[in-house]
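What follows is one structure encoded as structure tokens, with my remarks underneath.
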Amino acid sequence: MTAPATYAHPPPPSGTPPATFVHPPLRRGNPMTASRTLATAARVLRQLRHDPRTIALLLIVPSLMIILLRYVFDGSPAVFNSIGASLLGIFPLITMFLVSSIATLRERTSGTLERLLAMPLAKGDLIGGYALAFGAIAVLQSLIATGIALWLLDLNVTGSPWLLLLVALLDALLGTALGLFVSAFAASEFQAVQFMPAVIFPQLLLCGLFTPRDTMQPVLRWISDVLPMSYAVDAMTQVLHHPHPTAAFARDAGIVAAVAIVVLALGAATLPRRTP
Amino acid sequence: MVNYSPHPPGNSTTPDNGPPGTGPTPEQSPGPRPAVTATALTVVRDNRKVLQSLDFTVPRARITGLLGPSGCGKSTLMRAIVGTQAKATGTLTVLDAPAGTPALRKRIGYVTQAPSIYQDLTVRQNLDYFAAVLHPGRTHGEPQAEAHPEARPTQARRTQARPTRAEARTARAEAVARAIEDVDLTSHADDLAGRLSGGQLSRVSLAVALLGSPELLVLDEPTVGLDPVLRRDLWALFHSIATTRGTTLLVSSHVMDEAERCHRLLLLRDGTLLAEDTPDALRSRTRTETVEEAFLHLVDEAAR
């Protein structure tokens, strides 16, 4: 027999006959490499480039919503000011959630995921590539939306606009992470889209956008404390009211980033190298 | 049903698991070991034994046909060899390593039944990406390919020092161009994959598998739904890959007339191996004219 001894079969005639698994355990896979991650990000962006309508929607819709909001609250600019800043953080979260859940679902159903995982690609390369690509789109999207809000619509922000951008980027990563993770539980695009009301809407209601979180019913308040979008909105509010980054801002932004990374790691765990 | 002893006596499988030496094919000298050796390979899916204690070998640099009706376990067997099938037990050695070893991923080309490529990229962009995943640059490349254009890139790669980024890029571009040429899609290289016909799509998928000059090519029903001319051309390509590049091919099909084009056959039915032999030997053993008749003969024999 030519097989290495460790995987020899049949097991010893007597004693414990556990099933000898053909495949070695998959604890240590491929190490992540920068070039594979970058190649994946470039590929995702290239795919988007063949779909100009999606790009246009991604870049323009948030700005249009901000403009719409400004004139909805035409008579009460103070309300626009507080909600507008929060929305600048929430838009990238929602759009990236949608885009990444559909994109990774496609990757799962088209067989390209199976092919990639049969190649020397680390799961981290794939996840990181998606995060990079969508992060880049989010930066562009937020630049446009923030620019329009600050200079055309006179959104009044005490802190630095760069901090707004930073939070928007973290939110985009969080959205990408949630979308990636959720796509594992969707069997079709119909289901994937339905996860948006299921995952995003409760956070939207509880994040403090409509009413301050400490005026909510206590149970809801506790729930809002564990939902990441609450911290995204809190961070935006800090920038809105304080000229310099505060400790609370650092904590909120840190929480959003940490949750994004944890969920990205969870998303990687949902990519199966093996068909059951 | 096959029992669990490693050499089921009632099975019509040629019972030699040692060095190849099976049948009258012009086998290699005892030197190279089979590309794939399976012993008591069993796969369970949804509490059902999809593959039941298979013993077989796949010789190197030959085309082995994996034939059987739809749903008999062909794709599962292929996934087990590629290392993407869970709950596989027994021994499965692929290119002298246990199946599923990460180091094997670079040495095996795998084409799934459905064309697994990105429809919203062009043919070349698809291949560029997969080439970048296989050979991302500094660690692998082909520095002196220009000096030996006929040398196989992988061989050059293993022995050379680290190439520069630019050299790696040109090597990748060459590999991509050659893979596109292999499957005869040069005129469509810059077309969006989503606009191609079904047959063209599956050829793009095949081109991706050819990219890394793999030592073992596992092709799941690569000729299904193709017109006769294309099928003939693809089989010609398979033969040239096996003879000129020394690649081992495992090709599945549920169309029995494709069996005649293989060097060796594995006949699978309901997760058990009906036969493992050359087409000629099968026909003469069962005293039939075609492999299809031989298959039916063996099915009837097993039922008795």
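The values are calculated or read from the model by the stated rules, or taken from the named source; none is laboratory data. The shown structure was predicted, so the numbers you read here are calculated from the model rather than taken from an experiment. Methodologically, a virtual Cβ is constructed for each residue, glycine included, from the backbone with ideal geometry; neighbour enumeration extends over all protein chains shown. Surface areas here come from the heavy atoms of the whole protein model, side chains and all, with no ligands, DNA or RNA. Shrake-Rupley method; radii C 1.70, N 1.55, O 1.52, S 1.80 Å.
Below, the figures for the structure above:
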{"read-out": "Qualifying lysines (Cα of each under 26 Å from Cα of residue A:123; at least 8 residues distant if same chain)", "value": "B:87, B:106"}
{"read-out": "Sorted peptide list for A:86-93, B:286-293, criterion being average Cβ within 10 angstrom, highest first", "value": "A:86-93, B:286-293"}
{"read-out": "Size of electric dipole in chain A: Cβ of Lys, Arg +1 and of Asp, Glu -1, about Cα centre, debye, nearest 20", "value": "940"}
{"read-out": "Angle between chain A longest axis and helix A:34-49 axis [Cα atoms, degrees, rounded to 10]", "value": "60"}
{"read-out": "Pairwise centroid distance, computed over Cα atoms, of region B:212-262 with region B:285-304, Å", "value": "24"}
{"read-out": "Heavy-atom SASA rank of A:114, B:181, B:276 (probe 1.4 Å, accessible area, largest first)", "value": "B:181, A:114, B:276"}
{"read-out": "Residue order for A:216, A:236 - accessible surface, 1.4 angstrom probe, largest first", "value": "A:216, A:236"}
{"read-out": "Inter-centroid distance (Cα atoms) of region A:220-254 relative to region A:143-189, Å", "value": "14"}
{"read-out": "Peptide-level mean, for A:41-47, of C-beta atoms on other protein chains within 10 Å", "value": "4"}
{"read-out": "Dipole axis of region A:186-276 (+1 Lys, Arg; -1 Asp, Glu on Cβ), positive-most option in A:246, A:192, A:205", "value": "A:192"}
